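Participant: Dropping a structure here in structure tokens format, bear with me for questions.
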Amino acid sequence: MSRLGQWAATGAATLGVITVATWNLGGPSSAADPQLDGGQLFQAKGCAACHTGPDTTASFDAGFPSLANAPDWAGARRSGLTASEYLAESIAAPGVFISPDFRAGQAGPTTAMPQLRLTSEQIDSLVDYLLRR
Amino acid sequence: MLSVLDWHQLDRCRVTDEPVEPSDEPGRRVDGRGACGSSWEPDPGLRCRTGMEHGWYHRFARLGAVVVAALAVVVGSGASASAGGWAIGSLDAIPEATAGRTADVGFTILQHGVTPVDLTDDVGIEIVRADGNVDFFAAEQDGEVGHYTAAVTFPTSSSDHSWNIRMGWFGSQELGTLHVTSAAEDAFTSPTIWPTARWVMLALTVVLAVVSFWDLLVRRRHPRAALS
């Protein structure tokens, strides 16, 4: 192999390693993407205002279930649904099943929680955050 | 602090100017020292003069009772108003916070978590910088009812700050930590730039691999004609 061939081979190998190592950097599945950071989403989307979460305390007590220990009970809340499935359903379609921990108090709402504008990836991120995965 | 009832009790004591006959009536003193008989009640001989001297005091007592009652009404109504008046703010998307840059931050205010609500005053995004200073970016109603957009200029220092949504009389809602990145860091991890860059790198890798492979083939077939 000539010197040029050797340089090309060395360059290809080096660049190949760098390309593979950084392939997901900055991409839509990147953990650095704030849109997919469950902890940030929990606050930015307003969840933390009503629900106590793994790292936050609800802004006001108006009868909303605490989600601080969701891994302990979410899997047993609805038969046939795993913890992930139950939480995902509660976020995507909150009116399907009303949590027994929900207390419609004097100051609280009389309806289920709002349906927020979230992508399926964001819902997955929120579920992972709540289940501390 | 004396309650309203206590103030009334004092007032009744004051007007007991006449000597009071001993009585067996429940609730009345039987020693002739007046209807209240509390330690505030002066001796009968001093009662009238003392009452006159302290007339200002009793007028203030009456005024105090009125003020206390008014405060109770105001506080009570305020508590019930705040109990029923709450809202949540929900960002459209978490912005890419690059130091010194401005981004439009959209959000929706939902009264009771359900009903979009239009507010006119004190609506916007508030950034509490790491050094404690506060920047407020007023938002304008934009599009659908209850939707607002604020042009937010992020701090020039790339570090962690906190930020809130201000929702008029509903108060503020914490949005947690705002991680501001430097422009260079942002360029390196930017979701818009990196996908292009990685394909360019892959293409270069392939080109270099083809060159080296071609060189290898030429060397084997024509050792003398190979690149040197």
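The values are calculated or read from the model by the stated rules, or taken from the named source; none is laboratory data. All values reported here derive from a predicted model rather than from experimental measurement. Note: ideal-geometry Cβ built from the backbone for every residue, glycine included; neighbour counts use all protein chains shown.
Participant: Scanning the stretch A:51-71 for residues that are more than 17 Å from the chain's Cα centre (by Cα) and at the interface with another protein chain (Cβ under 9 Å from one of its Cβ atoms), which turns out nearest to A:I91 (Cα to Cα)? Full working, then the answer.
Facilitator: Step one: list which residues in the stretch A:51-71 are more than 17 Å from the chain's Cα centre (by Cα), which gives A:57-65.
So of that shortlist, the ones also at the interface with another protein chain (Cβ under 9 Å from one of its Cβ atoms) come out as A:59-60, A:62, A:64.
Numbers: A:S59: 19, A:F60: 20, A:A62: 18, A:F64: 14 Å.
Per the stated criteria, the residue is A:F64.
Participant: Select from the stretch B:195-228 the residues that are outside any helix (DSSP H, G or I) and either under 60 Å from the mean Cα position of the chain (by Cα) or more than 7 Å from chain A (Cβ to nearest Cβ) (or both) and write down the one among them that is modelled with the lowest pLDDT.
Facilitator: Our first condition is that a residue be outside any helix (DSSP H, G or I); within the stretch B:195-228, this holds for B:222-228.
After this cut, where a residue has to be either under 60 Å from the mean Cα position of the chain (by Cα) or more than 7 Å from chain A (Cβ to nearest Cβ) (or both) as well, the list is B:222-225.
Numbers: B:H222: 77, B:P223: 69, B:R224: 65, B:A225: 58.
Going through the qualifying residues, I end up with B:A225.
Participant: Suppose we filter B:A187, B:A130 for residues that are aliphatic (A, V, I, L, M) and modelled with pLDDT under 85; which single one remains?
Facilitator: B:A187
Participant: Only one residue in B:T98, B:T156, B:T102 is of a type in the set (S, T, Y), assigned by TED's automatic domain parsing to the domain that holds B:H179, over 27 Å from A:P94 (Cβ atoms) and in contact with a helix residue (DSSP H, G or I) (Cβ under 9 Å, 6 or more places away or on another chain). Which one?
Facilitator: B:T98
Participant: Scanning for something at pLDDT below 90 and under 16 Å from B:S162 (Cβ atoms), does the stretch A:58-65 turn up at least one residue? Let's see the steps before the verdict.
Facilitator: Of the residues in the stretch A:58-65, the ones at pLDDT below 90 are A:58-65.
Cutting the leftovers down to under 16 Å from B:S162 (Cβ atoms) gives us A:59.
For the stretch A:58-65, residues at pLDDT below 90 and under 16 Å from B:S162 (Cβ atoms): present.
Participant: Is the stretch A:73-94 home to any residue that is exposed (fewer than 14 other Cβ atoms within 10 Å of the Cβ), over 18 Å from B:E174 (Cα atoms) and at the interface with chain B (Cβ under 10 Å from one of its Cβ atoms)?
Facilitator: no
Participant: Kindly provide the set of residues from the stretch B:89-144 that are over 28 Å from A:L36 (Cβ atoms), assigned to a loop (DSSP other than H, G, I, E, B) and more than 14 Å from chain A (Cβ to nearest Cβ), ordered by number.
Facilitator: The answer is B:D118, B:L119, B:T120, B:D121, B:D122, B:D131, B:G132, B:N133.
Participant: Quick one: in the stretch B:118-127, which of the residues that are buried (at least 17 other Cβ atoms within 10 Å of the Cβ) and touching a helix residue (DSSP H, G or I) at 6+ places or on another chain (Cβ under 8 Å) is modelled with the highest pLDDT?
Facilitator: B:V123
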